[in-house]
Amino acid sequence: MAHADYSNYKGDETKEETLQSVVDSYEALSSDTQNWVANLANCSSLIWHAYHSLNIPVNWAGFYVINPEKQNELILGPFQGKVACQTIEFGKGVCGNAASSKNTQLVKNVNEYPGHIACDGDTQSEIVVPIVYENKVVGVLDIDCLDLNGFDKVDQKYLERLVEMISSSCKW
Ligand code: SME
């Protein structure tokens, strides 16, 4: 199988099957390397293509990691989508809250989320899952959607599974 084939989702599967396939593909791809840049870059591509195959209008999918020069700050990592804010302080916005609370933030309407950081004014909903390694947050997975209610508990379940694998497959 060529690497690009991992991004080819047929579009005839349920959300559960598609997201499980993201987890399985990530597991296969990350067996090559523990480098987080390489693994998160390919993971962003898997997520982007998976959601698009489900006709869910994801407009941003990617990662923020801990800024090595400032431990209470997130810095932009690999992603798919438009240019985004480069740094986010812990406790600020959806990403910063996920990082400081170590809890997934499932935001059905970003316009009603106090402190939401609008990197793209077209975003309507968002999910952010913290990546925890040895009890410390090492980064967050962030996915934005152009629709309200773009994500639900099913997304949360599979993305949390994915993030557990991300945590254990990379050298942080
Ligand atoms: N909306 C996020 C900022 C990151 S962008 O969506 C890519 C937040 O409030 O933390």
Exercise. In terms of modelled amide H atoms, which long-range or inter-chain residues lie less than 5 Å from the amide H of residue 64?
Worked result: 77, 140, 142
For this session: Leaving out ligands and nucleic acids, note down the accessible area per residue over the stretch 3-169 with a 1.4 angstrom probe, in whole Å².
Result: 48 Å²
Exercise. Taking a threshold of 19 Å on the Cα-Cα distance, which of the pairs 82/102; 15/136; 108/153; 15/92 fall above it?
Worked result: 82/102; 15/136; 15/92
Seminar exercise, completed: Residue-normalised 222 nm signal for the chain, counting each DSSP H run of n ≥ 4 as -39,500 (n - 2.57), nearest 500 deg cm²/dmol, is -11500 deg cm²/dmol
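Which of the peptides 88-95, 55-62, 67-74, 44-51 is most tightly packed, and how do the rest follow, judged by the mean count of other Cβ atoms within 10 Å per residue? Walk me through the intermediate numbers first.
Values: 88-95: 20.4, 55-62: 18.9, 67-74: 13.6, 44-51: 22.4.
The peptides rank, most packed first, as 44-51, 88-95, 55-62, 67-74.
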Exercise. How many percent of the accessible area of the stretch 3-169 is carbon or sulfur, using a 1.4 Å probe?
Worked result: 46 percent
For this session: Enumerate the calculated ³J(HN,Hα) couplings along the stretch 131-136 in order (Karplus 6.51 cos²θ - 1.76 cosθ + 1.60, θ = phi - 60°), each rounded to whole Hz, writing x wherever the residue is Gly or Pro.
Result: 9, 10, 10, 6, 6, 10
For this session: Sort out for me the Cα centre separation of the stretch 124-143 from the stretch 77-94, rounded to whole Å.
Result: 11 Å
For this session: Report the label-to-label distance for residue 161 and residue 147 in nanometres (one decimal), using points 7 Å from each Cα along the Cα→Cβ vector.
Result: 2.1 nm
For this session: Go through 53, 172, 81 and say which Cα lies farthest out towards the positive end of the charge dipole of the chain; charges sit on Cβ, +1 for Lys and Arg, -1 for Asp and Glu.
Result: 172
Exercise. Quick one: Kirkwood hydrodynamic radius for the stretch 3-169, alpha-carbon pairs, angstrom, one decimal?
Worked result: 15.7 Å
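DSSP loop (so not H, G, I, E, B), at most 15 other Cβ within 10 Å: list which trypsin sites (Lys or Arg not before Pro) in the stretch 134-172 pass both filters. Don't jump to the answer; show the numbers that get you there.
Numbers: sites: 136, 153, 157, 161, 171; in loops: 171.
Hits after loop and neighbour filter: 171.
The values are calculated or read from the model by the stated rules, or taken from the named source; none is laboratory data. Note that the coordinates shown come from a computational prediction; the quantities given were computed from them, not determined experimentally. Every residue, glycine as well, gets a Cβ built from its backbone with ideal geometry; the counts of neighbours run over all protein chains shown. Surface areas here come from the heavy atoms of the whole protein model, side chains and all, with no ligands, DNA or RNA. Shrake-Rupley method; radii C 1.70, N 1.55, O 1.52, S 1.80 Å.
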